[in-house]
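Since the structure comes first, as structure tokens, the remarks are kept for the end.
The values are calculated or read from the model by the stated rules, or taken from the named source; none is laboratory data. Predicted model, so just to flag it, every value in this text is computed and none were measured. No Cβ is skipped: glycine too gets one built from the backbone with ideal geometry, and neighbour counts run over all protein chains shown. Note: areas computed on protein heavy atoms with side chains; ligands, DNA, RNA excluded. Shrake-Rupley method; radii C 1.70, N 1.55, O 1.52, S 1.80 Å.
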Amino acid sequence: MRHAAVRCQAAQLSHARATRPPSLLRSYARALSSVSSVSTTTPRFAWVLPQHHTVACRSLATSRPASTIARSDIIRDNPKNNVTDTIFSKLGTNLHQRPEHPLGIIKSAIFEYFEQSDPGKFKLFEDLYPVVTTAQNFDELLIPSDHVSRSDNDTYYVDENTVLRCHTSAHQAELLREKHENFLVIGDVYRRDTIDATHYPVFHQMEGVKIFDEGEQDVEAVREDLKRTLEGLAKHLFGDVECRWVDAYFPFTDPSIELEIFFNGEWLEVLGCGVMQQKILDSNFGEGRKAWAFGLGIERLAMILFDIPDIRLFWSEDERFLKQFKAGDLSSKFKSFSKFPPCNKDVSFWISDQFTENNLCETIRGIAGDIVEEVKLIDEFTNPKKGKTSHCYRIVYRSMERSLTDEEINDVQDRVRSVIVDDLGVELR
Ligand code: DAH
């Protein structure tokens, strides 16, 4: 099941799988069937409306460089811990800090835009520690205590009170408490999810916050400034594109809106933003000010801008990928170095009560690594007599870099079949 969190209720029904419960169907935003329609900040994280708010303002672990992360800090013998070695291996990689990497190129272009528009005003944080408290990741952003994004099916927990940040918004409150008024945060974020060409459990986001001077109290003026700023950013990145705004919902902004651009003949959602909830600003920075905030997914922008068809490519060390991009150059278009054939393998099983698609995908990724391109449910039925439900998944294997052999795939598939029985408690059919 997709990370069901962020955003509101635009029409994603076309893509939602028939198996999703209706309440979730409603909250999925926009079709995600192709690169050009991958969601703003990543996976199908659609914020649902809150039932109630919990605010916990307590002191937080101070940030430290992500490069000092030890395995024992992250993978612990705690019942809540669900971080795998595959995920641990990504921590501290900091792809966004490589100037020649597409993610580094987008980061620099965004920072350059803010520098050009308002020299010296925005401070860039690019090495904040990705392990945060649940207070930082959720409570201080007014994310309801029963919100689905808090579940360990969607979020990587280190222990009950510590997670791998699932968005860069997790740093908003601490930076406000440190009295930063205008800042940008870029970093790697982590979400448990299912697998396809536009979804990967680690991706990168940029967060932006601007606080207005004491005299500037007009919410409409704040919103207009936000729109002008972000339309300017879209044009800086994409050229003279047409922009439009749609209403959205985020727990941490009010009003909340999303920016879409018309690019290559389609309207694409590029970021979420809004006027910061007054409570967040008052309790962390001090009363009497207004602010805006935005968040965007860097992979998504890079996939659109550079025509990158598969999100796994960002993690490739293959020169044929990396050599196609140059620091400071937004005009490169990715050319596939070769199209390797996919290899499909189906697996059918009776699910157990605890079965989730995210767990299945995590297990498959753990065995197959980046050669798994997609995992899709192709059949489902319930046997009323037995009271059991069967799922059939198609696993698409394809490397971005080489041809896979039958032998290799058969071996991976055999291991997948046996590990899902052992670890997920399913019964093969
Ligand atoms: N944190 C949101 C997400 O991960 C993105 C976002 C939306 C950030 C609106 C913001 C904002 O600061 O104002 O999907």
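Residue count for the stretch 61-80, restricted to those that are open to solvent by less than 30 Å² (accessible area, probe 1.4 Å) and either modelled with pLDDT of 95 or more or over 30 Å from Ala327 (Cα atoms) (or both): 1. The number of residues in the stretch 387-411 that are out of contact with any Cys (no Cβ under 8 Å at 6 or more places or on another chain) and in contact (Cβ under 8 Å) with a residue 12 or more places away in the chain comes to 13.
Residue by residue through the stretch 259-284, note down the ones that are over 14 Å from Gly297 (Cα atoms) and either outside the structural domain of Leu230 (by TED's automatic domain parsing) or among the charged types (D, E, K, R) (or both). Scanning the stretch 259-284 gives Glu266, Lys279, Asp282. State which residue is farthest from the chain's Cα centre (by Cα) when the search covers only the stretch 174-192 and only residues that are closer than 19 Å to Leu142 by Cβ and within 13 Å of the ligand (Cβ to nearest atom). For the stretch 174-192, the residue satisfying everything is Leu176.
Cβ-Cβ distance below 6 Å, separation of 6 or more or different chains: which pairs start in the stretch 168-181 with a residue that is of a type in the set (Gly, Ala, Ser) and end on one that is within 11 Å of the ligand (Cβ to nearest atom) and in a helix (DSSP H, G or I)? Once the first residue is of a type in the set (Gly, Ala, Ser) and sits in the stretch 168-181, its partners that are within 11 Å of the ligand (Cβ to nearest atom) and in a helix (DSSP H, G or I) give Ser169/Leu141; Ala170/Asn137. Applying the condition of being more than 14 Å from the ligand (Cβ to nearest atom) and β-branched (Val, Ile, Thr) to the stretch 141-173 and asking which residue is most open to solvent (accessible area, probe 1.4 Å) yields Thr162. Could you list, in sequence order, all residues of the stretch 237-253 that are assigned to a helix (DSSP H, G or I) and open to solvent by less than 20 Å² (accessible area, probe 1.4 Å)? Hit for the stretch 237-253 is Leu237, nothing else. When the residues of the stretch 67-89 are filtered to those that are of a type in the set (D, E, K, R) and not in a loop (DSSP other than H, G, I, E, B), the one that is farthest from Tyr129 (Cα to Cα) is Asp85. Restricting attention to the stretch 254-299 and to residues that are charged (D, E, K, R) and not in a strand (DSSP E or B), the residue that is farthest from the ligand (Cβ to nearest atom) turns out to be Glu287. When each of Leu330, Leu301 is tested for being within 18 Å of the chain's Cα centre (by Cα) and not assigned by TED's automatic domain parsing to the domain that holds Asp406, the lone residue that passes is Leu301. Go through the residues of the stretch 94-102 one by one and say whether even a single one is open to solvent by 40 Å² or more (accessible area, probe 1.4 Å), within 30 Å of Leu330 (Cβ to Cβ) and part of a helix (DSSP H, G or I). Scanning the stretch 94-102 turns up at least one residue that is open to solvent by 40 Å² or more (accessible area, probe 1.4 Å), within 30 Å of Leu330 (Cβ to Cβ) and part of a helix (DSSP H, G or I).
Taking Thr134, is it within 16 Å of the ligand (Cβ to nearest atom) and open to solvent by 10 Å² or more (accessible area, probe 1.4 Å)? Yes.
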